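Data first, discussion second: the structure below is written as structure tokens.
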Amino acid sequence: MNIEEFVKKEAPSNDAHDWIYADWLRTYYDRFKDCSLEQLQHYQKLSREEYDSSHSATAVCMMLYELIKEKKANGETNP
């Protein structure tokens, strides 16, 4: 995943809202980029349970979704 292309797509404006959202997207990409599919799905479940519509909660759910989608597209499966 090219995180900067994803950020441009998800947070294209130069306003405070998109700047904060973009920062969270990058933070969660760095945190989860090396996780296995199984780990990502576990974190996704937890994130959905704790979802509160904040920038952070939205960004973590979006990033986990995209990383899971990418791993599945690359053929990764759970053990």
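Using equal-weight Cα scatterers in the Debye expression, the normalised intensity of the chain in log10 at q = 0.15, 0.19, 0.23 Å⁻¹ is -0.50, -0.78, -1.06. Across the range 17-34, rounded Karplus estimates of 3J(HN,Hα) from the backbone phi angles (6.51 cos²θ - 1.76 cosθ + 1.60, θ = phi - 60°) give 4, 5, 5, 5, 4, 4, 4, 5, 4, 4, 4, 6, 4, 4, 6, 10, 4, 9 Hz, Gly and Pro being marked x. Using C-alpha pairs under 8 Å with a sequence gap of at least 6, the mean separation divided by the residue count of the chain gives a relative contact order of 34 percent. Among Tyr28, Tyr43, Tyr51, the residue with the largest mean-square fluctuation in a Gaussian network model of the chain, with springs joining Cα atoms closer than 10 Å, is Tyr51. Protection proxy ranking for 59-65, 7-13, 19-25, using the average of other Cβ atoms within 10 Å per residue and placing the highest first: 59-65, 19-25, 7-13. Considering helices alone, the calculated mean residue ellipticity of the chain at 222 nm is -23500 deg cm²/dmol, with DSSP H runs of length four and up weighted by -39500 (n - 2.57) and normalised per residue. The count of lysine pairs in the chain that are at least 8 places apart or cross chains, and whose C-alpha atoms lie under 20 Å apart, stands at 12.
Readers should treat all values here as calculations from the given coordinates under stated rules, not as data from a laboratory. Just so it is clear, the model here is predicted, and its values are computed rather than measured. Glycine gets a Cβ as well: all are built from the backbone with ideal geometry, and neighbour counts include every protein chain shown.
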